Amino acid sequence: NEPAMDAISKEDLLDKDRKYVWHHITPHNDNPMVVVSGEGSWIKDVDGNRYLDGMSGLWCVNVGHGREEIAEAAAKQMKTIAYSTLIQSHVPAIKLAEKLNEWLEGEYRVFFSNSGSDANEVAFKIARQYHHQNGKPSKHKFISRHRAYHGSSLGSLGATGQAQRKLKYEPLAAGFTHVPPPYCYRCPFGQQEGACRMQCAEAFEDAITWEGADSVAGVIMEPVITGGGMLVPPDGYMKRVQEICNKHDVLLIVDEVICGFGRSGRKFGHHNFGAKPDIVTMAKGMTSAYSPLSATAVSAWLYDSFKDTSKADSHLRHVNTFGGNPVSCAVALANLAILEREELVSRSAWIGEQFRERLQPLAAHPHVGDIRHFGSALGIELVEDKQSKRPAEASLVASYIASCKRLGLIIGKNGDTVPGFANVLTISPPLSSTDEDVAFIVDTLLEAFSIRAEDEG
Ligand code: PMP
């Protein structure tokens, strides 16, 4: 599946890239990696170098690269009908909405969009309108958490809890407030793990009280904060937040954009915590990023207030041209069929167990402060020294990423958060990774760290 590289030289490509392409969230690099093909967990660049795609792109290529049956499903749908709106309906959307209900293990009405950011925007609008038409129009605010990432549009960025992503774009959408995250390694409340009153969950009660319950429409949270540093909550956290939400008639919106579709070792991240969200947003792994698609799944009881014909104007005033595109829905169906047939959800749990067992030696490394797991997603928090827990400097973090890349493994780090706090290495490989791929990731990480240890003498 090599592209037609013969038509254009590498130098030409790079010249044109430098001239025309605006890269995402990065200072322009004059020598970017230009990816040309992929197979399984591996990608190849324009120089012919192979790398294990240890981040599945951006936490999204759950079934791995080069799946012909997905390409065939897309081509077949394009030939049948490539576009139809969801003002009417179409066959792939109907089949996919039904399939998502199976995956969600609940009864949900599904609104399709294009991206994770879109899906969250739709959730906010639905939550506000729901309260509006249920006699509580002043309920409009959302509570999120510091370090959370919920997207790049002005509302989803408002929900995001990372200053560096927001500062130059303010004012964002109004009505978002944040509480400290569950972060046991550096508890924002100064407590010890396992011996606390879970103030991180109670913080929602405080925020609702002080904002005024009559003004709060919803809480938005990922099951585990992924891009903000792989922050795994203590047992009972999500259930407690749900109780608090129920008590105050606040909707619980769970952002499953990364944690969904098997990443957590269960179908959805919240399945690990016994929570029943009112609204679930999803994107990335739904199509394994073979085509853009996202969804906002809304509990059936909540949807009921949008079809109440006794109330004039109760429908949702939201449309997007590409949302639920038939080709993307067909791609999602083919992707979910692979996840099911190859049992990749349990494979993800297995990958996570391998990481847990085989990466234990890393814990003793002087720069490793904490290792955190959620299914096959892994975070390694780097510190300058274990005693002070001072977050590792950017150059140290970059050196580990570069060591892994030199050895053929692409890994990530938690975004561009508060300066000095982008110190968590992230690994989130395709769920289809073979035994050899998993061994390669483990061996490479161990080698990258011992290379550092030797470097430092
Ligand atoms: N929510 C979460 C948890 C995410 O990680 C992301 C993207 N990384 C988004 C929302 C936004 O998704 P998108 O980039 O598709 O807009």
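The values are calculated or read from the model by the stated rules, or taken from the named source; none is laboratory data. The structure presented is a predicted model; accordingly, all values stated were derived computationally and were not measured. For neighbour counting, all protein chains shown are included, and Cβ atoms are generated from backbone atoms with ideal geometry for every residue, glycine included.
Some points to look at:
Results for (1) outside the structural domain of Arg263 (by TED's automatic domain parsing); (2) under 22 Å from His150 (Cα atoms), shown as yes or no for each residue.
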{"site": "Ser294", "(1), (2)": "no, yes"}
{"site": "Gly323", "(1), (2)": "no, yes"}
{"site": "Ala334", "(1), (2)": "no, no"}
{"site": "Arg347", "(1), (2)": "yes, no"}
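- Filtering region 109-132 to residues that are among the hydrophobic types (A, V, I, L, M, F, W, C), within 16 Å of the ligand (Cβ to nearest atom) and within 20 Å of Pro326 (Cα to Cα) leaves Phe111, Phe112, Ala119, Val122.
- Check on Ile253, under 18 Å from Pro430 (Cα atoms) and either out of contact with any His (no Cβ under 9 Å at 6 or more places or on another chain) or outside any loop (DSSP other than H, G, I, E, B) (or both): no
- From the options Ser138, Ser115, Ser144, residue that is under 21 Å from Leu172 (Cα atoms) and either acidic (Asp, Glu) or more than 18 Å from the chain's Cα centre (by Cα) (or both): Ser138
- None of Gly161, Gly106, Gly135, Gly155 is part of a loop (DSSP other than H, G, I, E, B), assigned by TED's automatic domain parsing to the domain that holds Lys284 and within 16 Å of the ligand (Cβ to nearest atom) except Gly161.
- Considering region 1-94, the qualifying helices (runs of 4 or more DSSP H), each wholly inside and each with 2 or more residues that are within 25 Å of the chain's Cα centre (by Cα), run over 56-59, 68-80.
- Filtering Tyr290, Tyr303 for residues that are assigned to a loop (DSSP other than H, G, I, E, B) and touching a residue at least 12 places away in the same chain (Cβ under 8 Å) leaves a single hit, Tyr290.
- Test: residue in region 180-195 that is within 16 Å of the ligand (Cβ to nearest atom), in contact with a Gly (Cβ under 8 Å, 6 or more places away or on another chain) and part of a strand (DSSP E or B): no
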